[in-house]
Amino acid sequence: MLDHGAAPPAEGSDPQPQQPPSRSGPLGTLMRRKPVERLVAEGGQGEGGTLRRSLGMWQLTMISIGATLGTGIFVVLGEAVPDAGPAVIVSFVIAGITALFSALSYAELAGTIPVSGSSYSYAYATLGELVAWVCGWCLILEYGVSVAAVAVGWGQYLNELLSGTIGLTIPEVIAAPPGDGGVFNLPALLVVLLAMVFLLGGAKESARANAIMVAVKIAALLLFCAVAFQGVRAGNYAPFMPLGMAGVSAAGATLFFSYIGFDAASTAGEEAKNPQRDLPRAIMLSLVIVTALYCLVAAVAVGALPWKRFTGTEAALAGIMKDVTGQGFWAVLLALGAVVAIASVVLTVLYGQTRVLFAMSRDGLVPKVFSKVHPKTGAPRANTVIVSLFCGILAAAVPLGQLADATSIGTLFAFALVNVAVIVLRKTRPDMPRSFRTPLSPLFPAIGFVLCLWMMGSLDVITWVVFGVWMVAGLVVYFAYGMRRSRLATDQK
């Protein structure tokens, strides 16, 4: 709950900083922590400039909704329904509840440690440098790959829009990645580059564009519900759970990918005007709005279209509108909303990726180029360009399903660590001012941790193999580069 009487944490505000004693030897190096006061004091500071505090509560909420709303409904719904059938509604609820427990932990830490690093910085202050690195490496997977995954689906709706308006579509050979019938997904690359242009203008300008796109996407989804409801048939809900609870769980794990928006909001801690107050509120409000819309749209969609017909489509909602009305106009209108909605997701999640790398670079764990700030725009320009090009090429070359599952496991792992971090910080720094407190701690964070592990266990073996390879690569990078160049290490010399 919100603690209105709590003062914002500031350098020196805790009478007993309780810096953990340094340990000698290799284990001490891996377990070294960065004090909360230092994390907060360094907020906004980059190479050659500082990030600008220009975002209010509603802008932060729009960042959350922008990063979340659209991904699961416009893109991944077609992937999840074949696993769960009509019970995909339950899958959304399960994924939402899992997200809620983690969101409560995020809200507490975002108000206590309002920095750009999100769960990476939270882990650095509580669990040590190695765990923080692993968390940051997961966030790179989570944000970077999710940008690519969403961009893949953007091309599907762009073709729906072009087909309904000018009667032409982009040839599949340049509109789909290898393995999905194409050679190079050009639309996916283009939407990432478009988001890059907005981000290069600065956080305030990007937030303004995102707010407009969020309004369009909400209007598009409400329009879908109003029109598609005419085609709802009770028989489409039976059997409700054709593949059993295992299918519901598997779909829920994939759909959890659709709830990473509040995580993106926590990366705006160094550009928020009043992060201690506004970040927890934005996180919780956005999660409530997004979950309600997801469940409403999913209920109407599976009621209007037999669940088996969702297989193989990444633009399901536009197809449902066309089937129900018999007219292409409504499908075109929804496709337009989806094009805008998915572009908003790409913009805000790409924003989160750049800010996490900004924080890791400032700590010395990745090269300094990622923390260079342009003095005029207050944006990390080189960081933005590098990340955008990487994500755009990834989107153009890798199929959607593999990307979505890889994002889910990285997200779940990072969220599990955040739940642990709340428990640890409550024990090690009980008197630290907190603008938001997770109810029934440590019970709720413990539940959030278990739910994350449970959903990770529902993912395919190949997803775990990819995750394992990614983690091994991350450890190689840390021991070869980050451990020696860490600012905590260089400060001790």
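The values are calculated or read from the model by the stated rules, or taken from the named source; none is laboratory data. Note that the coordinates shown come from a computational prediction; the quantities given were computed from them, not determined experimentally. When we count neighbours, we look across all protein chains shown, and the Cβ atoms used for this are built from the backbone with ideal geometry, even at glycine. The accessibility values were calculated without ligands, DNA or RNA, using every heavy atom of the protein model including side chains. Shrake-Rupley method; radii C 1.70, N 1.55, O 1.52, S 1.80 Å.
Using the structure shown, decide if residue 199 is part of a helix (DSSP H, G or I), open to solvent by less than 40 Å² (accessible area, probe 1.4 Å), over 20 Å from residue 58 (Cα atoms) and in contact with a helix residue (DSSP H, G or I) (Cβ under 9 Å, 6 or more places away or on another chain).
Judged against the criteria, residue 199 is not a match.
Only residues that are in a helix (DSSP H, G or I) and touching a Leu at 6+ places or on another chain (Cβ under 8 Å): list them for the range 103-118, please.
The answer is 103, 107, 109, 110, 111, 112.
Of everything in the range 49-70, what is outside any helix (DSSP H, G or I) and open to solvent by 10 Å² or more (accessible area, probe 1.4 Å)? Give them in sequence order.
Passing the criteria: 49, 50, 51, 52, 53, 54, 56.
Given the residues 240, 224, 257, which is the only one that is touching a residue at least 40 places away in the same chain (Cβ under 8 Å) and either of a type in the set (Asp, Glu) or within 18 Å of residue 118 (Cα to Cα) (or both)?
257
In the range 221-230, is there at least one residue being surrounded by 21 or more Cβ atoms within 10 Å (Cβ to Cβ) and within 22 Å of residue 95 (Cα to Cα)?
Scanning the range 221-230, I find at least one residue that is surrounded by 21 or more Cβ atoms within 10 Å (Cβ to Cβ) and within 22 Å of residue 95 (Cα to Cα), so the answer is yes.
Residues in the range 156-167: is at least one within 30 Å of residue 467 (Cα to Cα) and among the polar types (S, T, N, Q)?
yes
For the range 379-493, please list each of the helices (runs of 4 or more DSSP H) lying entirely inside it that holds at least 3 residues being modelled with pLDDT of 90 or more.
381-397, 400-428, 443-457, 461-477
Across the range 88-115, what is the total count of residues that are among the aliphatic types (A, V, I, L, M) and under 21 Å from residue 319 (Cβ atoms)?
Number satisfying all stated conditions: 2.
Considering each residue of the range 127-149, count those that are on the phi > 0 side of the Ramachandran plot and surrounded by 24 or more Cβ atoms within 10 Å (Cβ to Cβ), and give that number.
Residues flagged as on the phi > 0 side of the Ramachandran plot and surrounded by 24 or more Cβ atoms within 10 Å (Cβ to Cβ) within the range 127-149 amount to 0.
Test of understanding: among 337, 378, which residue is open to solvent by less than 10 Å² (accessible area, probe 1.4 Å) and out of contact with any strand residue (DSSP E or B) (no Cβ under 8 Å at 6 or more places or on another chain)?
Exactly one of 337, 378 is open to solvent by less than 10 Å² (accessible area, probe 1.4 Å) and out of contact with any strand residue (DSSP E or B) (no Cβ under 8 Å at 6 or more places or on another chain), namely 337.
Quick check: is even one residue across the range 38-48 over 21 Å from the mean Cα position of the chain (by Cα), among the charged types (D, E, K, R), within 30 Å of residue 489 (Cα to Cα) and at pLDDT 85 or above?
Yes: the range 38-48 contains one or more residues that are over 21 Å from the mean Cα position of the chain (by Cα), among the charged types (D, E, K, R), within 30 Å of residue 489 (Cα to Cα) and at pLDDT 85 or above.
Any chance the range 363-375 includes a residue that's surrounded by fewer than 19 Cβ atoms within 10 Å (Cβ to Cβ), in contact with a strand residue (DSSP E or B) (Cβ under 9 Å, 6 or more places away or on another chain) and either β-branched (Val, Ile, Thr) or in a helix (DSSP H, G or I) (or both)?
yes
Quick check: anything in the range 359-373 over 29 Å from residue 483 (Cα atoms) and in contact (Cβ under 8 Å) with a residue 40 or more places away in the chain?
Checked against the condition, which is being over 29 Å from residue 483 (Cα atoms) and in contact (Cβ under 8 Å) with a residue 40 or more places away in the chain, the range 359-373 yields no hits at all.
Quick check on my filter: what residues within the range 275-315 are free of Cβ contacts under 8 Å to residues at least 24 places away in the same chain and of a type outside the set (A, V, I, L, M)?
Residue satisfying the conditions is 309 alone.
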